[in-house]
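Only one structure is covered here, and it is reproduced in the block below.
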Amino acid sequence: MIKSNCHTHTVFCDGKNTAREMALQAIEKNFYSLGFSCHSPMNFENDWAIKKEDISAYISEIKALKAEFREEIDILCGIEVDADFCDVDLSDFEYTIGSVHQFHADGKVYPVDYNADYLKMAADDIFDGDFIKMCCCYFNMLADFICKNDFDVVGHFDLITKFNEATRQFDENDSDYQTAALNAVDRIISAKPDIIFEINTGAMFRCDNTRPYPAPFIMKHLSDIGANITITSDAHKTEALDFAFDRAVDYAKSFGFKACKIFTSEGIREIDL
């Protein structure tokens, strides 16, 4: 498979490497294209999203790298837009990823992907300890957000399961949980039939999870309805740029996918897996 990754973070947000370091590593790994997707500025104080005053510098740096390395790799400037985003003109970017990373209640922010304890806190404080109710709310929030905005990619669809493989805080086979997830997929596809769902290996790198997002029952449904997919690593450091891509390809193929989408300067391209 041609190597490409549209979900990449740098020191402009919560990444560990500079954009140049990521680009050089992608060239070393023979990537065809690399898209940067900084976390959008947020409506609350945090230490993981780009500051609005740094957006111009981010865009300028990615454009400069695009020009410098144009003979070696196709570089794109994208953004991962959170449901709490602010001060972002989406037209400034070559593509967009839409994601939900947190709940809010009584002025407090509850990240869903920081650690398992925070997730339990959200379940206890907001949902009376009902993890399934919390997950159903998450999927509904994600579907609402994607349907109301113009995004190219749905980010890590079932991010709320990031720590569940290790902690088993809730049953992913629960019928209410699966119904909520699949209803969210259907709502998104109905509103945005051309949108792309990412097969994201990020939790495999950071949490030693055994499979990418999304879960098998979601993958089967995506395949059954002919949804578009792309393979990403949600890389926050150079070592993660193509982490477990071979396993992600096999995972996609096991559900009948034969091709995936990649982003290029000329537009979205379909490639064989």
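The values are calculated or read from the model by the stated rules, or taken from the named source; none is laboratory data. Being a predicted model, the structure only gives us computed values, none of them experimental. Cβ coordinates were reconstructed from backbone atoms using ideal geometry, including for glycine residues, and neighbour counts include every protein chain displayed. Keep in mind that these areas ignore ligands, DNA and RNA; they rest on the heavy atoms of the full protein, side chains included. Shrake-Rupley method; radii C 1.70, N 1.55, O 1.52, S 1.80 Å.
Worth pointing out:
- Heavy-atom surface of region 99-138, accessible at 1.4 Å and reported per residue (Å²): 47
- Here each label is just a point 7 Å from Cα along the line to Cβ, and for residue 125 and residue 246 those points are 4.3 nm apart.
- At full extension, residue 171 and residue 255 could sit 28.0 nm farther apart than now, given 0.36 nm per residue minus the alpha carbon distance.
- Accessible-area composition of region 162-242, carbon plus sulfur, in percent [1.4 Å probe]: 43
- Rule-of-thumb Rg ratio for the chain [Cα; 2.2 N^0.38 Å; N residues]: 0.95
- Hydrodynamic radius (Kirkwood) for region 60-196, which is based on Cα pairs only, to one decimal in Å: 16.5
- Residue ranges 12-18, 174-180 sort as 12-18, 174-180 when ordered by packing (mean number of other C-beta atoms within 10 Å per residue, highest first).
- Structure remark: mean-square fluctuation, Gaussian network model of the chain, C-alpha springs under 10 Å; the largest value among 45, 198, 165 belongs to 45.
- With semi-axes defined as the square roots of five times the eigenvalues of the C-alpha gyration tensor, the equivalent ellipsoid of region 167-235 measures 21, 18, 9 Å, largest first.
- Protection proxy ranking of 105-115, 127-137 - average other beta-carbon atoms within 10 Å, highest first: 127-137, 105-115
- Equivalent ellipsoid semi-axes, region 151-199, via Cα gyration tensor eigenvalues times 5, rooted, Å: 23, 14, 5
- Label point distance in nm, residue 217-residue 90, each placed 7 Å from Cα along Cα→Cβ: 3.0
- Solvent-accessible surface (1.4 Å probe) assigned to residue 10 amounts to roughly 0 Å².
- Paramagnetic label zone (point 7 Å from Cα along Cα-to-C-beta, residue 51; backbone N under 20 Å) in region 87-108: 87-89
- Label point 7 Å beyond Cα of residue 114 along Cβ direction - residues of region 1-45 with amide nitrogen under 14 Å: 44-45
- Residue of 118, 32, 138 that the Gaussian network model of the chain assigns the largest fluctuation, springs spanning Cα pairs under 10 Å: 118
- Rg/Rg_globular for region 98-168, with Rg_globular taken as 2.2 N^0.38 Å and Rg from C-alpha atoms: 1.09
- Residue by residue, region 257-269 carries 3J(HN,Hα) couplings of 6, 10, 8, 9, 9, 10, 9, 9, 5, 8, x, 6, 10 Hz when phi is fed to the Karplus relation 6.51 cos²θ - 1.76 cosθ + 1.60 (θ = phi - 60°); x denotes Gly or Pro.
- Its DSSP H runs of at least 4 residues, each contributing -39,500 (n - 2.57), put the calculated 222 nm mean residue ellipticity of the chain at -11000 deg cm²/dmol, to the nearest 500.
- Computing FRET efficiency as 1/(1 + (r/R0)^6) for residue 150 and residue 225, where r is the C-beta to C-beta distance and R0 is 25 Å, gives about 0.75.
- Mean separation of Cα contacts under 8 Å (6+ apart) over length of region 136-273, as relative contact order %: 21
- Model label sites at residue 27 and residue 269, defined 7 Å from Cα along the beta-carbon direction, differ in position by 1.8 nm.
- Take every Cα pair under 8 Å whose residues are at least 6 apart in sequence, average their separation, divide by the length of the chain, and the relative contact order is 19 percent.
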